[in-house]
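Here's the structure, in C-alpha cells; my notes come after.
The values are calculated or read from the model by the stated rules, or taken from the named source; none is laboratory data. None of these values were measured; they are calculated from a predicted model. Note that we place each Cβ from the backbone using ideal geometry, even for glycine, and neighbour counts take in every protein chain shown. Accessible surface is based on the protein model in full, side chains and every heavy atom, while ligands, DNA and RNA are left aside. Shrake-Rupley method; radii C 1.70, N 1.55, O 1.52, S 1.80 Å.
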Amino acid sequence: MKVLIRSVRIIDKKSSFHDQVRDILIVDGKIAQIGENLSAEGAEIKEGNGLCVSTGWIDMRVASRDPGFEHKEDLVSVRETAARGGFTEIVLLPNTQPVVDSKDTLNYIRQSGFGSLVKLHVAGAVTKKTAGVDFTEMIDLHTAGAIAFTDGEHPVQNADLFLKTILYLQPLNALLMNRPEDTQLTIFGQMHEGMTSTLNGMKGMPSLAEEMMLNRDLKLLEYALDKSTLELTGQPMLHISLVSTKEAVDLIRKAKEKGLPVSCDVAAHQLAFEDKDLIDFDTNLKVNPPFRGPSDHAAIRVGLLDGTIDAIVSDHNPHDEESKNLEFDHADFGITGLETVFSLAKMYSGLRDEDIVEKLTSKPRHILRLEEINIAEGSVANLTFFEPETDWTFSKTYSKSKNTPFLGQTLKGAIRGVFNNNRLEWF
C-alpha cells in the first residue's frame, strides 16, 4: 500500500519535523519519505490543507462489553468507534462476562484485534471475577499479554490485596491501575455530594471517598517500595484512573514530588461539566466518578497544565437504552466517549494542541511500557490525522450505544483519518 499525504502539519515534540508542514509518503506500512513537493507513482493521495498529523493516539480506559454484553458494544463496533475518535490503540477493561481473569478470555479479545486498524490491548483482572476476594493468576496473564492489571470498574477495596498486588507485580515490571473510591462511602450515591444533590434530593458521593482511598493507595505504594530491594525502572508502578477532585490532584502532585512512581489520568468529559449541570436529571451525565464542583474543575485544568495529570482518557462506557432511559437513581453510570475526547480536550482543557497530543500519545505509551514511536523516515506508520480548528457536528455515533450528552452538538477539533497496520481509514 502506498499513500501520500500532502502539506500536513506534523505534531510530534520528539520529531525533527515537529510543527513543520511537510508531505509524508507511506509505503507498505512505513514512513518512506518526509519532505516537500513529494510525488509517488500509484500512490493514494490525500490533500492536507489545514491538516495535522501525530503518532497514533491511545486510550487507556475503554469498556468494550464483549464478551457477554455485545448488544451494548462489541469488539468490531468499539474498534470503529475508536478509529472515528482518532485512536489507533485502546486499552480494554476486564469487566466483561466472563471477566478477563483467564488466558482464554484474554486471548479471545487480543486475537480479535490482530492486524486490525485499531490495536486492542487488554488489562487483566487483579481478582477473580473482579470480586475483590481471590487473586487471579497474574503471572500467567502477564505472560499471555495483559498490558496492565486492574479490577476496572471495581476499585480494589482490600488494603492487603492492594499491597500484595504491588509487591507481586513489581518483579514483572507490570502496572497496577486503580480508580480510588471507598465504596462504603458512595453506596447508593447518585451524583457529587453538594448543593445540586441536596436540591435534587439525591444521595451524594463525597469527594472524601476518592481522597481517602487515594491517600491509602499512595501510602501503600510508599510502604511497598520501602519493603522492596528491586530497583525502579523509571516507569510508574501505580496508575491512578479518573481523578476528579482538587485534593486528589494535590495528593498526586505531592507524591510525584517525593519521587513515587505514580501516574494518573482524567476522563475528557470531566473537563466539560460540573455537578450543577445535573440539576435537570439528565442520565447521560450520570458518571462515576461524578462531576464535581467548580474548585475541583479548576484544579483538574491546573493539573493538566502543570503535568500532574499525565493522560486524558475517554472512559468509554456504553449502555443500551434500557440502562439509561429511566429514572435517574435507576440509571447506570457512564458515557460513550471515544469519539469526543480530542474535541473536549481542545475546548475545555486550556492545553495547546501539542500538549493534548502528548497526553494521548507519548505519555500513555510510557506508562503502559509500550515502544516509543515517532514521525520519522523509516518508522512504522501509526498515525492520526486531525484538524484542531475545524468545527464539526456530532450527528452520528458509531458505538452501538447512544449514551452521550454530545449528540447533535457542534464541537471543535475534527478527526480526519487514522493509519495503522498498513491500513488507512479516511473520514
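Against the list (1) in contact (Cβ under 8 Å) with a residue 24 or more places away in the chain; (2) open to solvent by 10 Å² or more (accessible area, probe 1.4 Å), the condition Lys254 fails is (1). Do you know which of the residues in the stretch 131-166 that are charged (D, E, K, R) and surrounded by fewer than 22 Cβ atoms within 10 Å (Cβ to Cβ) is nearest to Gln97 (Cα to Cα)? Going through the qualifying residues, I end up with Glu153.
Put simply, of Ile11, Ile31 the only residue that is among the aliphatic types (A, V, I, L, M) and touching a Phe, Trp or Tyr at 6+ places or on another chain (Cβ under 9 Å) is Ile11. Give the residue that is farthest from the chain's Cα centre (by Cα), with candidates limited to residues of the stretch 11-20 that are surrounded by fewer than 16 Cβ atoms within 10 Å (Cβ to Cβ) and in contact (Cβ under 8 Å) with a residue 24 or more places away in the chain. Applying the filter and picking the extreme gives Ser16. Summed over the stretch 405-427, the residues that are open to solvent by less than 10 Å² (accessible area, probe 1.4 Å) and farther than 20 Å from Asp12 by Cβ give a count of 2.
Just give me the residues in the stretch 339-374 being under 20 Å from Ala148 (Cα atoms), open to solvent by less than 20 Å² (accessible area, probe 1.4 Å), hydrophobic (A, V, I, L, M, F, W, C) and in contact with a strand residue (DSSP E or B) (Cβ under 6 Å, 6 or more places away or on another chain), in sequence order. If the condition is that a residue be under 20 Å from Ala148 (Cα atoms), open to solvent by less than 20 Å² (accessible area, probe 1.4 Å), hydrophobic (A, V, I, L, M, F, W, C) and in contact with a strand residue (DSSP E or B) (Cβ under 6 Å, 6 or more places away or on another chain), then Leu360, Ile367 are the ones that fit. Note on the stretch 77-106: residues that are acidic (Asp, Glu), part of a helix (DSSP H, G or I) and within 28 Å of Ala131 (Cα to Cα) amount to 1.
I need the full set of residues from the stretch 1-46 which are farther than 18 Å from Asn421 by Cα, among the acidic types (Asp, Glu) and either in contact with a Cys (Cβ under 8 Å, 6 or more places away or on another chain) or in a strand (DSSP E or B) (or both), in order please. The one that is farther than 18 Å from Asn421 by Cα, among the acidic types (Asp, Glu) and either in contact with a Cys (Cβ under 8 Å, 6 or more places away or on another chain) or in a strand (DSSP E or B) (or both): Asp23.
Among the residues of the stretch 292-323, those that are more than 19 Å from the chain's Cα centre (by Cα) and open to solvent by less than 40 Å² (accessible area, probe 1.4 Å) comprise Arg292, Gly293, Asp296, Ala299, Asp320, Ser323. Note on the stretch 259-278: among residues that are open to solvent by 10 Å² or more (accessible area, probe 1.4 Å) and charged (D, E, K, R), the one that is nearest to the chain's Cα centre (by Cα) is Glu274.
Residue check: Met237 meets all listed conditions (1) surrounded by 23 or more Cβ atoms within 10 Å (Cβ to Cβ); (2) within 21 Å of Asn158 (Cβ to Cβ) but one, namely (1). Can you tell me which residues in the stretch 375-389 are open to solvent by less than 40 Å² (accessible area, probe 1.4 Å) and either more than 19 Å from the chain's Cα centre (by Cα) or among the basic types (Lys, Arg) (or both)? Passing the criteria: Ile375, Ala376, Ser379, Ala381, Glu387, Pro388.
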